[in-house]
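Take a look at the structure below.
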């Protein structure tokens, strides 16, 4: 049985049963029928079909509430897989993820100035083949491939045009990957993909209005509105990294001046710490600036590193204030290499938000740090799951 064909040919009730069982972990037939308001005979037919096709399986007995103990159902974690790909400016990761969100196998490649989109597609093709062979997973169990990458991505032209991205512009990446992999490919920007990972596997599960701030090599924003990712008319919503913070600021790689990324990207963070060390007469400043060293110093309590992190988090906090006052979310999740680097980041962002949101409104949104590791590859897998069950194509 081809799992993608089975899901695509299934009716809405069948898809909803799979999604609900996956979200709950284990659930009885009675509770399923009650929660979904589906007649028991119909629910029985759906469940029997899903068990026959090894998508659901019985997994023990629930506690008795009087009478016989009900049999619990769960999704067979080996029934479906997807590839999640993190196509970044500095590194490319390819992971096989099962439908439970478990990372089964991972391949990484640190990129260089010599790499091209063609060489990266070749690496992805080789990595997917190696992983399938290593894990003995049949292609018939694959739902597809989900890619998270820097934006902007134009859903109208189906082309990707990130700034400073291996010399490529107007890139027909989906076509290139589908030709190489012979699998359906779905692409979205990294912040949206990380937000989907939270929706399917993390803190945004079951929520409707969520903002995800991805603070990494660049800075992006994923927006969940009414339970769906909001992408805007052309698929470029949430590009907050290129919102203007200082009209007299430094030149950004996008060509504008004073973009948020010139203050909060990992490159900007390393340079800020280096300048502070030079000003303090610190001999370590003669060494090249590296973000990883700043974070190591921060975790060791080094004062300049903490001062740097707090200043950068303050700029990030102002961006979060602007997003909150535009979208009024119930939860804001901070992720990415800087966003998840140290508790001081979310602490300072929260302080800035409390200080700058309208006093006349009772602001109740929680601001928290993502706890997911490998969120982009997880989100790539979630992108595939979302697409398979909802029949919604992004790019």
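The values are calculated or read from the model by the stated rules, or taken from the named source; none is laboratory data. The structure displayed is predicted, hence computed values, not measured ones. Cβ placement follows ideal geometry from the backbone for every residue including glycine, while neighbour counts extend to all protein chains displayed.
Details
- Criterion (touching a helix residue (DSSP H, G or I) at 6+ places or on another chain (Cβ under 7 Å) and either farther than 22 Å from residue 313 by Cα or surrounded by fewer than 18 Cβ atoms within 10 Å (Cβ to Cβ) (or both)) met by exactly one of 196, 207: 196
- The selection criterion, being in contact with a strand residue (DSSP E or B) (Cβ under 9 Å, 6 or more places away or on another chain) and crowded, with 18+ Cβ neighbours inside 10 Å, does not hold for residue 62.
- Test result for residue 159, free of Cβ contacts under 8 Å to residues at least 12 places away in the same chain, closer than 30 Å to residue 319 by Cα and out of contact with any helix residue (DSSP H, G or I) (no Cβ under 7 Å at 6 or more places or on another chain): no
- Within the span defined as region 108-118, one or more residues are assigned to a helix (DSSP H, G or I) and either modelled with pLDDT under 95 or closer than 17 Å to residue 376 by Cβ (or both).
- Filter result (more than 21 Å from residue 318 (Cα to Cα) and either surrounded by 20 or more Cβ atoms within 10 Å (Cβ to Cβ) or outside the structural domain of residue 214 (by TED's automatic domain parsing) (or both)) within region 232-244: 235
- Any hit, region 33-40, residues being outside the structural domain of residue 385 (by TED's automatic domain parsing), closer than 18 Å to residue 69 by Cβ and in contact (Cβ under 8 Å) with a residue 12 or more places away in the chain: no
- Scanning region 245-256 for residues that are under 12 Å from residue 315 (Cα atoms) and either part of a helix (DSSP H, G or I) or over 27 Å from the mean Cα position of the chain (by Cα) (or both) gives a single hit, 246.
- Qualifying residue in region 302-322 (condition: within 24 Å of residue 205 (Cα to Cα), out of contact with any helix residue (DSSP H, G or I) (no Cβ under 9 Å at 6 or more places or on another chain) and assigned by TED's automatic domain parsing to the domain that holds residue 214): no
- Tallying residues that are surrounded by fewer than 20 Cβ atoms within 10 Å (Cβ to Cβ), touching a helix residue (DSSP H, G or I) at 6+ places or on another chain (Cβ under 9 Å) and in a loop (DSSP other than H, G, I, E, B) within region 91-106 yields 2.
- Looking across region 287-301, the residues that are over 15 Å from residue 262 (Cα atoms) and either in contact with a helix residue (DSSP H, G or I) (Cβ under 7 Å, 6 or more places away or on another chain) or crowded, with 17+ Cβ neighbours inside 10 Å (or both) come down to 289, 290, 293, 294, 295, 297, 298.
- Some residue of region 98-116 being in contact with a strand residue (DSSP E or B) (Cβ under 7 Å, 6 or more places away or on another chain), more than 30 Å from residue 166 (Cβ to Cβ) and not assigned by TED's automatic domain parsing to the domain that holds residue 178: no
- Considering (1) out of contact with any strand residue (DSSP E or B) (no Cβ under 7 Å at 6 or more places or on another chain); (2) touching a residue at least 24 places away in the same chain (Cβ under 8 Å), the lone condition that residue 169 does not fulfil carries the number (2).
- Residue check for residue 20: surrounded by 20 or more Cβ atoms within 10 Å (Cβ to Cβ) and in a helix (DSSP H, G or I): no
- Qualifying residue in region 267-282 (condition: in contact with a strand residue (DSSP E or B) (Cβ under 7 Å, 6 or more places away or on another chain) and touching a residue at least 24 places away in the same chain (Cβ under 8 Å)): no
- Enumerated helices (runs of 4 or more DSSP H) restricted to region 312-391, each holding at least 3 residues that are surrounded by 18 or more Cβ atoms within 10 Å (Cβ to Cβ) and over 13 Å from the mean Cα position of the chain (by Cα): 343-356, 375-390
- Filter pass, residue 4 being in contact with a strand residue (DSSP E or B) (Cβ under 7 Å, 6 or more places away or on another chain), within 30 Å of residue 133 (Cβ to Cβ), in contact (Cβ under 8 Å) with a residue 12 or more places away in the chain and buried (at least 17 other Cβ atoms within 10 Å of the Cβ): yes
- The criterion of being crowded, with 20+ Cβ neighbours inside 10 Å and over 19 Å from residue 312 (Cβ atoms) holds for residue 222.
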